[in-house]
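Worksheet: one structure, shown below.
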Amino acid sequence: MLLTLCLLLHCGAAVPDSMVIYSGRRRQLDVRIPRFDADVVIDGDLADSVWAHAALLTGFSQYAPNDGVPAADSTQVLVWYSGNAIYFGIRAYELHGRPTATLADRDQIFGDDNIQILLGTFHDGKKALMFAVNPLGVQGDGAFIEGANISASGFIGGGVIGREQPDLSPDYVFQSRGRVTDWGYEVEVRIPFKSLRYQPTQPQDWSLNIIRQVKHSGFEDTWFPAKRANATFIGQSGNLIGLAGMHRGLVMDLNPEATSRATGAPGAPGTAGYEYDVGNPQVGGNVRWGLTDNLTLNGTIKPDFSQVESDAGQLAFDPRQALFFPEKRPFFLEGSELFQVPQNLIYTRRIVQPVTAVKLTGNTHGTDIGVLSAVDQRFASASGDDNPIFNIVRAQHSLGHGSRIGLAYTDRIEGGDYNRVAEMDGRLVFKDIYGLSFQLAGSRTRAGGVATTAPLWLTQFTIQHRVWGLRSLFAGISDDFHTASGFLGRNGIVHAYVDPSYTTYGKAGSLLQRLTGDIVVDGIWQYQNFIRGRNIQDQKLHFNVNTTLRGGWNVGAGYFVESFGYDSALYANYRLEVPKSGGGLDTIPFVGQPTIGNGEYIIQIGTPQWKHFSGGGFFLQGHDENFFEWASADLVLLSLNISYRPTDRLRNSFSYFWQQVNRRTDGSLVNVGRVARAKIEYQVSRPLFLRLVGQYIQDQTDSLRDDSRTNAPILIAGPSGVTRTSASATNLFHVDALISYQPVPGTVVFAGYGSDMLDEDAFRFRSLTRTGDAVFVKLSYLFRL
């Protein structure tokens, strides 16, 4: 009874008289933390005497789904530092019972209750490093870069005002332990200065904020009383002031690694059995050298870039859009936040498998810099005889309060050919709620002795008022703009949209916590048509509503009215087979109807993050374009994600995506694609886990015809002549199994197996034919000198 009363009053643990308290709600936001020449054992118990003299951060506020109100659950964060590390002690009080916590792999903790520590070591108001822990002290980490993501528009929830999500790619070495208690949970965190880059002068100030996510309520709390009516979230931070006497010491990480792989495939025609190619073990390594407190040099020789888990399958409904797969390779992930550029003009997966690479990252004279050079393998070149050479430079300078200016340059040289891109981008935040982003770029490409130059440009304007919101975009990419070091989903277009929104908030304890409605007006022109003042190609009008309900439920709905224009370039190889007037068959060009009108609805739902279960997904149905035959069609899209955690060590997840296109004329099937992916993970201990992944991809397409017009068969013109389309079906089943031991980033033991099989009938799992498999072992050890 006394404990419950104490928690209701947010009193928490007894506070020693010597402890200085900084309340976020009282705007005591300039924190002077004590420095002690001491060290503690990181065991999740804050009983060590040094914690009694730390600075205390308390007075948290709710940020989501509503802001400006006191946090429902009390949180205390203790902070102090020594000469070589900064320490955080967390006491998170819970009224409802045991917090949600699992013994998960790194970065897999965000379905649990968690605390996120945001440190801006350069105090520039535009970026912060994130160190996250769940109640058991399992780690997640990443980086926030304000305004780095230029958002698309139109889908449910796009108009909801909120903060940007972190990039979880970077991994930092730090120590943490936690334990669940009768009143909540307690966690100790030690972040060594070796793992950070910070300003070269002392004393110095850092920005600081603490985020707490509470899964039983769906609430997100912050120590700094952050407001949703603000165009910058990182800029809403407190300050650690007067930090001095910090020593990184020698920062030298040596990371040798060895990989052995055996790949299998069916034997040559006429031979029996299955053949394996063992190959030679690959030995390489990485080195990380802290040149100064603020600059780090990384190098690698013959790095291992094997994937320990295959990319999640994707289906392409719109053939005009390229599919994007995220970077997963450790060398490129380190410091990747410093290479972020709008429109993905830096995309390191273009570097296929380098022989060697070097990278410089850090901050100098208030400017973030990233320099990357790599020499790729010869097989990555068009000729097979040249080593492609990549050079990438990125620089960003803070202008204060979330504003910044940036430059980037990339080139890829292959023999006498090259592609070079130069760009400038920036973000301006003014009067707190207004944000203006821009980007200007030009590419210079020489291929086969012919050189072309082309532009790219973008502007985005946002208003983030608490009730009223606005997102708008105006961007163009020339047909001849190319980026061999970046990724563009689609070029040769001009894209514009405006997305006004209105948000209302429910009272505390009410069923409705937040409701946002928005209307998207979206248009796309072919670039040359826009330059010449010709008609728009695609027009979209989307009506959306998104609600957050008590307990963490999220429900949304929308209705889309669209009109898509015929793209002659997409169907340049299409022909029609029609009867001749005098008998026989003739081949004529394919000419599609000018526009196709669409109308469809969508429903979206997300469950709370319960202790053992969570899920979400959407269902879309209506009339949409049939890109296969350029005709109006009936479209069904279904996406489902489920996570089930029966114990704190066992995690199961399942995702399912279904896409089906049927002709409106007779209801016959044009295409069906389904991707089912199941993952089972068992965490034996914090560093050791077992994982099994199964993924099934079905892709079935009917023989094509000129539906809704001539009904004539469609032919495809290619190098070998004109051929009639025929029905096709592919049913691919892929399995990954992995044993992983990773006590710290850089020290790993991986043993894995992957196999591809073809199924005769979709999802029948009979007559499976193995088409390829691989077994691999990787050993790597981090020597931190």
Backbone HN-Hα couplings from phi across segment 120-131 [Karplus 6.51/-1.76/1.60, Hz, Gly and Pro as x]: x, 6, 9, 6, 9, x, 10, 8, 8, 8, 10, 10
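From the P(r) of the chain, could you give the percentage of C-alpha pairs in the tail past 52 Å?
Details: 45899 of 307720 pairs.
Value for the chain: 15 percent of Cα pairs lie more than 52 Å apart.
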Rg and Dmax [Cα atoms of segment 23-156; Å; Rg one decimal, Dmax integer]: 16.6, 54
On full extension of the chain, what length is gained from Val287 through Phe317, given 0.36 nm per residue of separation minus the C-alpha to C-alpha distance? 6.5 nm
With all protein chains modelled, accessible area of Trp658 [1.4 Å, Å²]: 70
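Could you calculate the contour length gain from Leu436 to Ala569, that is, 0.36 nm times the residue separation minus the distance between their Cα atoms, to one decimal place in nm?
Between Leu436 and Ala569, full extension yields 44.5 nm more.
Calculate, for Asp37 and Ala717, the FRET efficiency according to 1/(1 + (r/R0)^6) with r their C-beta to C-beta distance and R0 56 Å; round to the nearest 0.05.
0.15
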Tell me, what HN-Hα J-couplings in whole Hz come from the Karplus equation 6.51 cos²θ - 1.76 cosθ + 1.60 at θ = phi - 60° for each residue of segment 93-103, using x for Gly and Pro? 8, 10, 8, 8, x, 5, x, 7, 8, 10, 8
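Could you give the alpha-carbon Rg of segment 102-142 over 2.2 N^0.38 Å, rounded to two decimals?
Taking the Cα Rg and dividing by 2.2 N^0.38 Å, one obtains 1.26.
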Per residue, the convex hull enclosing the Cα atoms of segment 660-754 spans a volume in Å³ of 165
Gln528 label point, 7 Å along Cα→Cβ, cut-off 20 Å on backbone N: hits in segment 476-515? 476-483, 490-495
With just the Cα atoms of segment 173-273, tell me how far they stretch along each of the three principal axes, in Å, largest first. 74, 44, 38
Please give the length that would be gained between Phe783 and Asn84 if that part of the chain were fully extended, namely 0.36 nm times their separation in residues minus their C-alpha to C-alpha distance (nm, one decimal). 249.9 nm
Correct semi-axes for segment 75-133, from √(5λ) of the alpha-carbon gyration tensor and rounded to whole Å with the largest first, are 24, 16, 12
Accessible area per residue, 1.4 Å probe, Å², for segment 197-352: what's the number? 41
Label-point gap, in nm, between Ala737 and Asp479 - each point 7 angstrom along Cα→Cβ: 5.3
Just the number, please: Stokes-Einstein D of segment 424-525 in µm²/s, Kirkwood Rh from C-alpha pairs, 20 °C, 1.002 mPa s. 131
Within segment 695-734: backbone nitrogen closer than 18 Å to the Ser668 label point (7 Å, Cα to C-beta): 700-716, 724-729
Computed from the mean reciprocal separation of all distinct C-alpha pairs, what Kirkwood hydrodynamic radius does segment 498-573 have, in Å? 15.2
Compactness summary of segment 369-461: radius of gyration and Dmax from Cα atoms, Å, are 17.1, 56
Contact order normalised by residue count of the chain, Cα under 8 Å, 6+ apart, percent: 10
With label points set 7 Å from each Cα along the Cα-to-Cβ direction at Ala265 and His612, the distance between them in nm comes to 4.7
Orientation-averaged projected area, Cα convex hull of segment 353-419 (nm²): 5.4
At a Förster distance of 56 Å, what's the computed FRET efficiency of Gln353 paired with Asp182, Cβ-Cβ distance as r, to 0.05? 0.60
Reciprocal mean inverse distance between Cα atoms of segment 447-597 - Kirkwood radius, Å: 19.5
Solvent exposure of segment 536-690 as accessible area per residue, Å², 1.4 Å probe: 45
With the convex hull built on the alpha-carbon atoms of segment 285-401, volume per residue in Å³ sits at 152
Extending each Cα 7 Å along its Cβ direction at Leu541 and Phe379, get the distance between those two points in nm, one decimal. 5.4
Report in % the part of the accessible area of the chain that belongs to carbon and sulfur, leaving out ligands and nucleic acids; probe 1.4 Å. 58
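Which entries of Lys127/Lys507; Lys215/Lys328; Lys127/Lys431; Lys194/Lys328 show an alpha-carbon separation above 26 angstrom in the structure shown?
Lys127/Lys507; Lys215/Lys328
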At q = 0.12, 0.19, 0.22 Å⁻¹, what is the base-10 log of I(q)/I(0) for segment 573-670 according to the Debye formula with one equal point scatterer per Cα and no solvent? Please give it to two decimals. -0.62, -0.96, -1.09
Could you work out the helix-only [θ] at 222 nm for the chain, with each DSSP H run of four or more residues adding -39,500 (n - 2.57) and the total divided by the number of residues, to the nearest 500 deg cm²/dmol? -500 deg cm²/dmol
With a 1.4 Å probe and all protein chains kept in place, how much accessible area does His482 have, in Å² rounded to the nearest 10? 80
Excluding the sites themselves, what is the longest stretch of the chain that contains no trypsin sites (Lys or Arg not before Pro) in a DSSP loop with at most 10 other C-beta atoms within 10 Å? 1-430
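The values are calculated or read from the model by the stated rules, or taken from the named source; none is laboratory data. All values reported here derive from a predicted model rather than from experimental measurement. In this analysis, Cβ positions are derived from the backbone assuming ideal geometry, glycine residues included, and neighbour counts consider all displayed protein chains. Heads up: the accessible areas ignore ligands, DNA and RNA and are worked out on the full protein's heavy atoms, side chains in. Shrake-Rupley method; radii C 1.70, N 1.55, O 1.52, S 1.80 Å.
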